[in-house]
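Worksheet: one structure, shown below.
The values are calculated or read from the model by the stated rules, or taken from the named source; none is laboratory data. Here the structure is a predicted model, which means the values were calculated and not measured. All Cβ positions, even for glycine, are placed from backbone atoms using ideal geometry, and neighbour counts span all protein chains on display. SASA here: full protein model, heavy atoms, side chains in, ligands and nucleic acids out. Shrake-Rupley method; radii C 1.70, N 1.55, O 1.52, S 1.80 Å.
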Amino acid sequence: MASLVQRLYRIFVPPEPPKVKAEVEGSSNQPIKFGILGAANIAPPALIIPAKSHSEVIVYAVAARDLQKAQKFAKKHGISKVYGGSNGYQQLLDDPEIDAIYNPLPNGLHFEWTMKALLAGKHVLCEKPFANTAEEVRQMFDLAEKKELVLLEAFHYRFHPAIQRVKSILESGELGKIKSVDAKLTAPAGAIKPSDIRFDLALGGGSMMDMGCYTMNCIRYLTSSNPTSVVSATALPLKSANVNETKIDRAMTATLALPNDVIASLEVDLAMPWEFFPPKLFKVWVEIKCEGGELELLNFVLPTLYHSIKVSNKAGGTTTKRVEKIYKFADAHLDDPSKALGEDWWLTYRYQLEAFVDKLKGRTPQTWVTREDSIANLQWIENVYEKAGLGSRPKSNYVLPVE
């Protein structure tokens, strides 16, 4: 408990980072100035708090449709520049002081405003899922590559040493061939209001988009493969709604076939009914069964708060068990100590920010989420929706201007 309290304190009151010495304009030593599109609730943990402990980052500006909301947000978080009104987003993109954009807008707006940010010459860190369709993701990367800009889908958990340690155990062969993977991510009933944008089809809503993007990504990452088919998919509606009419899934379960006879299952729910015997308010874990044992990672999404890696090895007819907790790369059994990145209080988002800045500065990030990875993830989300009979989320009406 004491270590958890200490980590929480460090997260919200991080040590003051060393200041970057100001060099001539255009120097690689200049801090990266971020602009935020929307005064979103996710922005503080995803960017503002991590930036406090990164000497090369300044959260410089925020824009919101409601100017007063933007001003209040900026005052609360110490952001110097504010844009608002119907043209506020574009004004932020046109600000020559801004180097990179963080896009935490609703899913259905990711494509339009990421494309506009790239057209404005800005690097983009965009929340997941990247867009409503895989084709939109292809267009986003095509433009980023054409403009020679950095574009990253914010799968923050992938940058933390806990999930990377799990993958290294699986790849080591210690537990033998993977047989099955089961990933679950749910929220308790009442935590998300029915009026939430997650239930708005026009904005790319649905549990498979919101939580399912994590479970699909986790399955693909740990198996180092894409599914070969969606065996089954079942969507549940919000309350008494007809899911075939609304096309909005409160919950989704799916079974996937993967190469080498691996079977994967996922379960996501934005309003999981409370379970009292035994008590269970939410699910957030991934379980992997192998020929020579089993592995479970509890809390793969936010491991900084708490997690455990439970390994059961059945080699030689005797079962041995151990529990690992990996909060920084120094604890991750690395062969090269020079790669011991991070602190035990670093959020997944802080590790992600480190990688994003490294990429912008021309350094090699510890890990990355590639173009191919992002496209494939959304394609298989679409495939699950197709199997469930709901179809893909509506594509954006935004059309790239003809040059």
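Points to keep in mind about this one:
- Applying a threshold of 19 Å to the alpha-carbon distances of LYS146/LYS395; LYS52/LYS147; LYS69/LYS395; LYS184/LYS280; LYS75/LYS361 flags LYS146/LYS395; LYS52/LYS147; LYS69/LYS395; LYS75/LYS361 as lying beyond it.
- Cβ-defined net charge surrounding VAL262, 9 Å radius [Lys, Arg +1; Asp, Glu -1]: +1
- Efficiency of FRET between LEU201 and THR370 - r from beta-carbon atoms, R0 35 angstrom, step 0.05: 0.75
- Amide hydrogen neighbours beyond the local backbone of SER265, cut-off 5 Å, H modeled: VAL181, ASP182, ALA183, LEU256
- In Å, descending, principal axis extents of the Cα set of region 256-329: 42, 32, 30
- Area accessible to solvent at LYS280, 1.4 Å probe radius, in Å²: 60 Å²
- Counting charges near ASN217 (Lys, Arg +1; Asp, Glu -1) among other residues having Cβ under 12 Å from its Cβ returns a value of +1.
- Under 9 Å, Cβ to Cβ, from GLU296 - net charge with Lys/Arg +1 and Asp/Glu -1: -1
- Residues in the chain average 45 Å² of solvent-accessible surface per residue, probe 1.4 Å, ligands and nucleic acids excluded.
- Using θ = phi - 60° in the Karplus curve 6.51 cos²θ - 1.76 cosθ + 1.60, the 3J(HN,Hα) couplings for region 196-205 round to 4, 4, 5, 9, 9, 4, 4, 9, x, x Hz; x is entered for Gly and Pro.
- Alpha carbon centroid spacing (whole Å) that separates region 238-260 from region 93-121: 30 Å
- Kirkwood radius and radius of gyration were both taken over the C-alpha atoms of region 172-260, and their ratio Rg/Rh is 1.05.
- Accessible area of the chain belonging to carbon and sulfur atoms, whole % at 1.4 Å probe: 53 percent
- Per-residue Karplus couplings for region 314-331, computed as 6.51 cos²θ - 1.76 cosθ + 1.60 with θ equal to phi - 60°, are listed in order as 9, 5, x, x, 10, 8, 10, 10, 8, 10, 10, 9, 10, 9, 8, 5, 5, 9 Hz, Gly and Pro entered as x.
- Reachable aspartates and glutamates, given that their alpha-carbon falls under 13 Å from the alpha-carbon of LYS247 and they are not under 8 places away in the same chain: ASP200, GLU382, GLU386
- Considering only the Cα atoms of region 281-398, their convex hull presents on average a projected area of 12.3 nm².
- Gain on full extension, evaluated as 0.36 nm per residue between SER86 and LYS167 minus their Cα-Cα distance, stands at 24.6 nm.
- Relative contact order %, the chain, counting alpha carbon pairs below 8 Å whose residues are six or more apart: 18 percent
- Both radii are taken from the alpha-carbon atoms of region 115-215; with Rh as the Kirkwood radius, Rg/Rh is 1.06.
- Sequence-distant aspartates and glutamates (8 or more away, or on other chains) whose Cα lies within less than 15 Å of LYS193: ASP210, ASP249, ASP269
- Start at zero, step by 20 Å, and the Cα-Cα distances of the chain spread as 26, 59, 15, 0 percent across the bins.
- ASN244 paired with ASP94, simple spin-label distance in nm, labels 7 Å along Cα-to-beta-carbon: 4.9 nm
- Rounded accessible area of SER195 (nearest 10 Å², 1.4 Å probe): 100 Å²
- Cα pair distances in region 80-142, grouped into 5 Å bins until the bin that holds the longest one, percent each: 4, 18, 30, 25, 15, 6, 2, 0
- Residues whose placed amide H lies under 5 Å from that of SER232, excluding near-sequence neighbours: THR255
- Distant-in-sequence amide H partners of ASN299 (H built 1.01 Å from N, under 5 Å): VAL284, TRP285, VAL286
- Pairwise Cα distances in region 288-335 exceed 14 Å in 56 percent of cases.
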